[in-house]
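Every number in this text was worked out from the coordinates using simple rules, so none of it is lab data. These numbers were taken from a predicted model, which means no experiment stands behind them. FYI the Cβ positions are ideal-geometry reconstructions off the backbone, even for glycines, and counts take in every protein chain you see.
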Amino acid sequence: MPASRSVRTTGALVVAGLVALGGAACTSSSHPEADGQSVAAACATLADSVEQAMRAFTEADAADPAAAAQATAEVRDDLAAAVTSIGNARVEAVAADLRAGFDVLAEATAAASAGDIAGATGLADATDRIRTGLAEYHDLCSG
């Protein structure tokens, strides 16, 4: 595959991730939960992690497939760490769903950076998972 096609594919993967993360910052609701952490506190924990992940992700150069793959992996890792620090089952489930989308996106980006366009077939699944995770996050954490 020509390098320019790999760069365009990786760039598309990065843009999909950025679009998904773009609306991730939101205000938290204050629904209390019986499992020890309020929805508001859990959402605040997740919002901080998503913001940090987004910063690392947006600083990646989409024209550099290896850098884009690394940034995507960092987003995935940051979300995985956030899941372990959330003490609210509802928010934890939403964070896990969102992280699952970035797991798939990280694999697809890594494949594209290695020139394996066939390995990037998980993009549609990743995008759907990320959109679903963000929608659930917004529903739970805003207002």
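Observations on the structure shown:
- At full extension, residue 64 and residue 125 could sit 19.7 nm farther apart than now, given 0.36 nm per residue minus the alpha carbon distance.
- Peptides ranked, highest mean first, by Cβ atoms within 10 Å: ranges 95-103, 132-140, 63-71: 95-103, 63-71, 132-140
- Phi to ³J(HN,Hα) by Karplus 6.51 cos²θ - 1.76 cosθ + 1.60 over the stretch 92-107, Hz, x for Gly, Pro: 4, 5, 5, 5, 5, 5, 5, 4, 4, x, 6, 4, 5, 5, 4, 5
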